[in-house]
Amino acid sequence: MIDVFAESVGIPMNRVHCKAVFGEGFVGDIPVFLAKPQTYMNLSGESAGPLAAYYKLPLNRVLVFHDDMTLPCGVLRLQHNGGHGYHNGLKSVIYHFRGNREFARLRIGIGRPPGQMDPKAFLLQKFNNTAQERIDTALQEGVGALKLLLSHGLSESARHFNHEQKYKHIRLQTMPV
């Protein structure tokens with residue numbers, strides 16, 4: 001998501017800082033900082049926490065993008081805040097934000113493992129062609145959501161965007177992966 005968004009708004013991701021590939025620029029007149037932690041996913045807070053502290057970012061100005069097995073593949077959700085939902089990367093981020101959960105999240109559904117497949121194996125495998133197409137489409141939709149967020153704020157953006165995704169969710173439930 002970071003790469004797709006950065007490319008769409010012309011922000012070069014060409015610096016390394018706080019264990020992250022980092023870029024900064026403007027979307028219109030709004031300053032934007034983008035970071036891709038280079039730690040293991042489960043340790044991504046080791047990058048996100050120090051970055052937020054270094055730039056003195058209030059957490060209500062931070063958005064974390066992450067995968068979510070509870071959403072169907074390719075469905076996105078924009079949220080104000082919340083828990084970690086058993087996501088180890090989010091646990092790490094919350095820990096390094098000193099327990100504060102008051103940051104926005106953009107979640108991308110990857111679906112549940114089929115049958116009795118081990119969730120860890122599911123997370124580490126490559127997407128099949130259908131799932132990859134859904135993910136690619138969702139990434140483009142995510143760019144739109146982030147631009148809407150920057151121009152209209154989180155509450156209005158989440159209400160509008162999640163409403164559109166709700167119907168996508170219903171359509172995708174009936175389609176095989």
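The values are calculated or read from the model by the stated rules, or taken from the named source; none is laboratory data. As the structure is a computational prediction, the values presented were derived from the model and not from experiment. In this analysis, Cβ positions are derived from the backbone assuming ideal geometry, glycine residues included, and neighbour counts consider all displayed protein chains. In case anyone asks, the SASA skips ligands and DNA or RNA and just uses the protein heavy atoms, side chains included. Shrake-Rupley method; radii C 1.70, N 1.55, O 1.52, S 1.80 Å.
In table form, for the structure just shown:
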item: The range 1-49, residues that are open to solvent by 50 Å² or more (accessible area, probe 1.4 Å), in contact (Cβ under 8 Å) with a residue 40 or more places away in the chain and within 22 Å of residue 97 (Cβ to Cβ); result: 41, 42, 43, 46
item: Number of the condition not met by residue 61 [criteria: (1) touching a Gly at 6+ places or on another chain (Cβ under 8 Å); (2) under 24 Å from residue 21 (Cβ atoms)]; result: (1)
item: Filter pass, residue 56 being among the charged types (D, E, K, R), out of contact with any Lys or Arg (no Cβ under 9 Å at 6 or more places or on another chain) and either on the phi > 0 side of the Ramachandran plot or free of Cβ contacts under 8 Å to residues at least 12 places away in the same chain (or both); result: yes
item: Subset of the range 123-166 that is under 14 Å from the mean Cα position of the chain (by Cα) and free of Cβ contacts under 8 Å to residues at least 40 places away in the same chain - its residue that is farthest from residue 108 (Cα to Cα); result: 144
item: Those helices (runs of 4 or more DSSP H) lying entirely in the range 69-171 with at least 1 residues surrounded by 18 or more Cβ atoms within 10 Å (Cβ to Cβ); result: 88-96, 129-152
item: Strands (runs of 3 or more DSSP E) wholly inside the range 1-65 containing at least 1 residues that are modelled with pLDDT of 95 or more and closer than 19 Å to residue 153 by Cα; result: 20-27, 30-37
